[in-house]
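J.: Right, I'll just put the structure down here and ask away after.
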Protein chains: 2
Amino acid sequence: MASNKEEVRLFGMVQSPFASRVEITLKLKGVEYKYEEEKWGNFSDTLIKYNPVYKKVPVFVHNDKHLSESLVILEYIDETWKQNPILPSDPYKRALARLSSNFIDDKCFNGVSKAVFTLDEKEQEKSIEEIEVVLQFLENELKDKFFGGEKIGLVDISAVFIAYWIPIIQEVKGIKLFNFEKFPKLYNWSQDFNNHPIVKEKLPTRENLLAFYKVMFLQK
Amino acid sequence: MASNKEEVRLFGMVQSPFASRVEITLKLKGVEYKYEEEKWGNFSDTLIKYNPVYKKVPVFVHNDKHLSESLVILEYIDETWKQNPILPSDPYKRALARLSSNFIDDKCFNGVSKAVFTLDEKEQEKSIEEIEVVLQFLENELKDKFFGGEKIGLVDISAVFIAYWIPIIQEVKGIKLFNFEKFPKLYNWSQDFNNHPIVKEKLPTRENLLAFYKVMFLQK
């Protein structure tokens, strides 16, 4: 399916955990790609043409085909470049990995967005509770070094937002969501994950993210 | 993967388009299953045990394995019982089918929930516009009799909510979302889909759904 003469492009944004998922996956697979940095609030015409419904990064282009939505892109990459699979081969394990990734997007990502932007204290508390349900779920699920076993898999990559973004967001915002005391196994996992050579190479710097969220929270 | 001596159970609710997706898929595949009807607002302990995060139907049980979330269940069924595949084999076509199904859940289902329950006229208008974006997207995508070609596939099954539920909801609520004038190809598709012998057998009666939504909208 994948030939030598092919064009692979990723439209991302350094501060996007969703674009980061695609970069980590491509790097784990050893797929070469051209990266195009988009500007927050001023996306290129190409990005909007390729993702007219959501107008968001990441957009992934493979020859004449384009895709949006990081989890859909990740499965496409895994089915196209078979080396270093990020999904297990067993249908039930695949289903569980998809469920965990969906939980992370639905409850964790959306929950954090609500928790940090609401001015209503009760709503903030409710969002934090919802996030903790998923963090506890992941804490219980973690049986090996990574969710994918000894190697990084779909759930690890989906959870990059928890491993790297949440600690910085909670620091800027002054709320406590995720730490060693509450979720020791998950916290240790986050350290292993963030320090994995391929992940480390593809994460934005701490300074960059800190600055980005300071500006973002000031604007709201 | 699938043996003769196996237990397949589905916890559903007649009025749930998500449970209906699973029933249609099992029936298309010729997989025998035991159906357990759940009660709205009074779900069984088994259902809550198997779906503690969302506490919703459908829950699918295959021997000692259980799953929630209809789209995850559909992919599991397709990977476990290979006959009459609902997903194409080409990775890009698979990805597009997943994107369309996600759009339907995100923009159509959530959009309709917002449109029918909000008391704010502007918010209702905005939700209806969002729904129309996806209906137009699907209108443009439809190239054959079904989204799956000559046979019913993942997108058709995901869109059961559009084909059968939306016309009844808009009738009860007195709003116009989906009709032949606005979306002629999609409307014709909905007639073909609803009248497919397997789909027809598994849909709730019109009277049942009408009564359900009349009560639901009165309560709000």
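The values are calculated or read from the model by the stated rules, or taken from the named source; none is laboratory data. The structure displayed is predicted, hence computed values, not measured ones. Quick reminder, even Gly has a Cβ in these numbers, built from the backbone with ideal geometry, and neighbours come from all protein chains shown.
J.: Being surrounded by 15 or more Cβ atoms within 10 Å (Cβ to Cβ) and part of a helix (DSSP H, G or I): is that true of B:Ile152 here?
T.: No.
J.: Name the one entry in B:Ile77, B:Ile73 that is under 14 Å from the mean Cα position of the chain (by Cα) and farther than 25 Å from B:Leu186 by Cα.
T.: B:Ile73
J.: Those residues that are of a type in the set (Val, Ile, Thr) and under 17 Å from the mean Cα position of the chain (by Cα), I need them from the stretch A:169-204; list them, please.
T.: A:Ile169, A:Ile198, A:Val199
J.: When the stretch A:46-80 is examined, which residues are found to be among the β-branched types (Val, Ile, Thr) and more than 10 Å from chain B (Cβ to nearest Cβ)? Let's see the steps before the verdict.
T.: Let us first name the residues in the stretch A:46-80 that are among the β-branched types (Val, Ile, Thr), namely A:46, A:48, A:53, A:57, A:59, A:61, A:72-73, A:77, A:80.
A:Thr46, A:Ile48, A:Val57, A:Val59, A:Val61 - these are the residues of the stretch A:46-80 that are among the β-branched types (Val, Ile, Thr) and more than 10 Å from chain B (Cβ to nearest Cβ).
J.: Which condition from (1) crowded, with 20+ Cβ neighbours inside 10 Å; (2) modelled with pLDDT of 95 or more; (3) over 13 Å from the mean Cα position of the chain (by Cα) is the one that A:Val22 breaks?
T.: Here A:Val22 clears every test but (3).
J.: Spot the failing condition for A:Lys122; the list is (1) outside any loop (DSSP other than H, G, I, E, B); (2) within 26 Å of B:Phe103 (Cβ to Cβ), and only one is missed.
T.: Among (1) outside any loop (DSSP other than H, G, I, E, B); (2) within 26 Å of B:Phe103 (Cβ to Cβ), A:Lys122 violates only (2).
J.: So for the stretch B:160-178 (the condition being in a loop (DSSP other than H, G, I, E, B) and within 24 Å of B:Lys27 (Cα to Cα)), does at least one residue qualify?
T.: no
J.: Taking the stretch A:81-91 only, how many residues are among the charged types (D, E, K, R) and either within 9 Å of another protein chain (Cβ to nearest Cβ) or on the phi > 0 side of the Ramachandran plot (or both)?
T.: Initial filter on the stretch A:81-91 (among the charged types (D, E, K, R)): A:82, A:90.
After this cut, where a residue has to be either within 9 Å of another protein chain (Cβ to nearest Cβ) or on the phi > 0 side of the Ramachandran plot (or both) as well, the list is A:90.
Result for the stretch A:81-91: 1.
So that you can scan it fast, the table gives a plain yes or no per residue for (1) touching a residue at least 40 places away in the same chain (Cβ under 8 Å); (2) more than 22 Å from A:Tyr92 (Cβ to Cβ); (3) surrounded by fewer than 21 Cβ atoms within 10 Å (Cβ to Cβ):
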| position | (1), (2), (3) |
| --- | --- |
| B:Glu36 | no, no, yes |
| B:Leu47 | no, no, no |
| B:Ser68 | no, no, no |
| B:Ile73 | yes, no, no |
| B:Lys82 | no, no, yes |
| B:Lys114 | no, yes, yes |
| B:Glu123 | no, yes, yes |
| B:Ser127 | no, yes, no |
| B:Ile131 | yes, yes, no |
